[in-house]
Amino acid sequence: MTLLAEFAAADDLLDAIKRARGAGYSRLDALAPFAVSGLAEALGIRPSRLRVVMFACGAIGAAAGFFLQVWMNAIDYPLNTGGRPLVAWQAFMLVTFEFAVLGAAVGGFVALLWRTGLPRLHDPLFAVSGIERASQDRFFLVVDGGDPKFEPEGTRAFLEALRPIAVRETST
Amino acid sequence: MSAAAASSDASSSGSPGDSGTEGHLPPFVDRRDGYASVTKEVSDAVLERRPGRLWWLLLAFGGALTLLMLVSIAWLFYAGVGIWGVNTEVVWGFAIANYVWWIGIGNAGTLISSLLLLTRQKWRSSINRFAEAMTLFAAAIAGVFPIIHLGRPYLFYWLIPYPDVMEAWPQFKSPLVWDLWAILSYLIFSLLFWYTGAIPDFATLRDRAKGRIAQLAYGSLALGWRGSAHHWARYERYYWAMAAMGVPLVVSVHSVVGLDFAASLMPGWAETVFPPYFVVGAMFSGFAMVVTLAVPIRHALGLHDLITPRHFEAMAKIMVLGATVMGWSYLIEWFAAWYSGDIYERGLVVYEFVGDYWPLYWIMLFCNVLASQVFWFRPARYSIALIFVVSILVNLGMWLERLLIVINTLSHGFLPANWQTYAPTFWDVALLLGTLGFFFTLFLLLARFVPVVSMHEMRELVREEGAGR
């Protein structure tokens, strides 16, 4: 079972998170209809390393793009265009750059999906009544049932004390 | 106008977007709007409202022009490029002018969206979604022109490096090969950028949709987005990084288009100013196209509270900036031609002003440089009708500019004996109108099925402006 407390304002959610963390809950999540600034920090989510992945993919893309051109125009089929050097690296930079951006963009998108666990068309949370407003105008504090401090009655009472609009639960 | 009425609220909060603007200005979002009303206003346009007769009429019109485009291309493939007005000297005609024009419009959406995000311009949220969609459609249309202008379009795949029986590879020192990679990367990048930004909004539509088909369709597009804090944290990292990459990418793509010309030896083309000059032109014409589209979208979908006069005011300022930079670019072109001392370069500038196409050149100068200067005056920046008219003039002017870059130089090359003029044929015009119709058809469908304003970013704006719940 997972318990959810529903709020109407982002600041109420941030307050509730602070108090829940103060009370010792560690497996918390929040659902919000937009990127609330300060939410990740409040929950103690470590800064994502997504951009490290993007940088690595970009670097691989750049290297692949550059060596593709060198191999094709200088090694496998040496192409003399007007007496210019076979490896004219300046002329190869543009395609190298495009490969780098493409690598970072596609690699980052795959990493985004991977780390968010998407696509996942169904989630037990979707069965909670009123959850559809999490994508519209309501903010939810989610206390996972696997939290060491979780106990069905005590946690419910704790969430009620935060004065939410409602406390909801999942069946599983 | 509700937005203007709301400005009487004295506690209207300042914002980065407000800095440098004078006096008492209406906010970018109505302070009476909450999360729910913003969501409803945008999503109802997709889910609840039936398309009116006007929408169907426009769709029929756009569909007819799309058909004209298909017929033009089919006839071109059957009969060859001889059906166009191109000749032995002016070998590039409408096709390349259209290509540069469309890719310019296609570059602007991502550039506008990225730049405004990175500089934290709050008013971006209302226009970035359809600016990015504009990018996708325009870039896709642009990509067709270089292919169909080939004498043997069925061999376009020779640009792609694949191990073939001829054992040859593409020539990577050619701007034409760079073009392929630039456009291809750009299309994929723009699609990812646009789609990622739209995922949370698809989730909203999934949750609001009442019909089973709509729930399934939007649910699939939303990929199961729950709005979890973990999702948002990673989403933001990715989205901002994409915006940061988008700016140099756009600059590279349109620089390559400039290099297609500048890497030649022709008078008027072999100029070092071309790459930046093309990038500025792309931003300028794309901004004009955003305005041209924003006016009817705002009206048709009733988004008066989300796309406010303040937005048009901000866009008018960018247009006057763009027009001024365009004016400087033209001055530099003329100066460089004179300073080079080259008789062909100098001759070409004289030819532009008084030669065969002189009326078009003067119209272009009026549309691109002079027309937008009216926005130095505040009342003009608040007249949406005037902004709309000027934006259309700019679209026209920028198209003329690209056409003239192509045909002036080719009509006035190094050998006077070879000078020839260019005149478009029916099929040139048909293809241009056809692609315009196709573009608007795609836009009508977009406005019908995708939220044209980013709802989650509007909610963020609502919170920042203190409207709260």
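The values are calculated or read from the model by the stated rules, or taken from the named source; none is laboratory data. Please read these numbers as outputs of a predicted model, since none were measured by experiment. Cβ coordinates were reconstructed from backbone atoms using ideal geometry, including for glycine residues, and neighbour counts include every protein chain displayed.
Brief remarks follow.
- Of everything in the stretch A:76-92 that is surrounded by fewer than 17 Cβ atoms within 10 Å (Cβ to Cβ), part of a helix (DSSP H, G or I) and facing another protein chain (nearest Cβ under 10 Å), the residue that is nearest to the chain's Cα centre (by Cα) is A:Gln90.
- Annotation note: of B:Leu54, B:Leu65, B:Leu59, the sole residue that is modelled with pLDDT of 90 or more, aliphatic (A, V, I, L, M) and part of a helix (DSSP H, G or I) is B:Leu65.
- Those residues of the stretch B:230-257 which are surrounded by fewer than 23 Cβ atoms within 10 Å (Cβ to Cβ), facing chain A (nearest Cβ under 7 Å) and of a type in the set (A, V, I, L, M), in sequence order: B:Ala233, B:Ala241, B:Met245
- Checking A:Phe34, A:Phe67 one by one, the residue that is of a type in the set (Phe, Trp, Tyr) and at the interface with another protein chain (Cβ under 10 Å from one of its Cβ atoms) is A:Phe34 and no other.
- Residues satisfying the stated conditions in the stretch B:263-295, i.e. surrounded by fewer than 21 Cβ atoms within 10 Å (Cβ to Cβ) and assigned to a helix (DSSP H, G or I): B:Pro275, B:Pro276, B:Val280, B:Thr292, B:Val295
- For the stretch A:46-67, a residue qualifies if it is buried (at least 18 other Cβ atoms within 10 Å of the Cβ) and either free of Cβ contacts under 8 Å to residues at least 40 places away in the same chain or touching a strand residue (DSSP E or B) at 6+ places or on another chain (Cβ under 8 Å) (or both), and the qualifying residues are A:Gly65, A:Phe66.
- Scanning the stretch B:135-181 for residues that are outside any helix (DSSP H, G or I), within 26 Å of B:Ile83 (Cβ to Cβ) and not hydrophobic (A, V, I, L, M, F, W, C) gives B:His149, B:Gly151, B:Arg152.
- Flag: B:Leu136 matches the condition of being surrounded by 17 or more Cβ atoms within 10 Å (Cβ to Cβ) and either within 12 Å of chain A (Cβ to nearest Cβ) or in contact (Cβ under 8 Å) with a residue 24 or more places away in the chain (or both).
- B:Arg129 assigned to a helix (DSSP H, G or I), more than 28 Å from B:Phe274 (Cβ to Cβ) and of a type in the set (Lys, Arg): yes
- Only one of the listed residues (B:Phe366, B:Phe377) is exposed (fewer than 15 other Cβ atoms within 10 Å of the Cβ), farther than 23 Å from B:Met69 by Cα and touching a residue at least 12 places away in the same chain (Cβ under 8 Å). That residue is B:Phe366.
- Members of the stretch A:4-31 that are touching a Pro at 6+ places or on another chain (Cβ under 8 Å), within 11 Å of chain B (Cβ to nearest Cβ) and of a type in the set (A, V, I, L, M, F, W, C): A:Phe7
- The stretch A:99-136 - residue that is hydroxyl-bearing (Ser, Thr, Tyr) and over 12 Å from the mean Cα position of the chain (by Cα) and, of those, nearest to the other protein chains (Cβ to nearest Cβ): A:Ser135
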